[in-house]
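Asker: To start, I am sharing the structure in question, which I have written as structure tokens.
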Amino acid sequence: MTWDEWEQLKTEAAENRSAAMQLNRVPEDPSITAPGHDLKVSQQDLAAVGDAAFRLFDNLGKCGRDAWSISQTAAKDLSTQGFALGGALNHVQERWEKQLKSLLDACAHISNHMDFTQGAHAGDEYYVYDIVSSISTLDDGFTERTQR
């Protein structure tokens, strides 16, 4: 950029002092209760996820433990009768127990997390809205400065 171009840009900017800074934003949706919200989480959706996780936890706990118990019994019976398959089945049963516990823990975590997620999101949404809405104060400062 040459000095002449710089001077021309400064002159054009001085002529446009009345123009205020404008930020792009998402248009407000009147169906949303608080102004400025563009993230919407409904209790019904969260409850459905939490309920599905709880049902999975409950059913997997019952059926998974039954499978574990049956395999454990079969492994003992096979080992007692001298079959090498008993030791292998016991190994599979131990792995099943670890994997089942991990999956049950994950389901319980999801189910419990859904109980308080909506409140957390609402708090986050208001916090973000307050931060973003303070940009208008910055914009006012620019407008005030250019009007002097």
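The values are calculated or read from the model by the stated rules, or taken from the named source; none is laboratory data. Here the structure is a predicted model, which is why all the values come from computation and not from measurement. In this analysis, Cβ positions are derived from the backbone assuming ideal geometry, glycine residues included, and neighbour counts consider all displayed protein chains. What goes into the accessible areas is simple: the full protein's heavy atoms, side chains included, and nothing from ligands, DNA or RNA. Shrake-Rupley method; radii C 1.70, N 1.55, O 1.52, S 1.80 Å.
Asker: Among the chymotrypsin sites (Phe, Trp or Tyr not before Pro) within segment 55-117, which fall in a DSSP loop and have no more than 16 other Cβ atoms within 10 Å of their own Cβ?
Answerer: Here the chymotrypsin sites (Phe, Trp or Tyr not before Pro) that fit, given the DSSP loop and packing criteria, are 83.
Asker: Residue 2: accessible area at probe 1.4 Å, nearest 10 Å²?
Answerer: The accessible area of residue 2 comes to roughly 80 Å².
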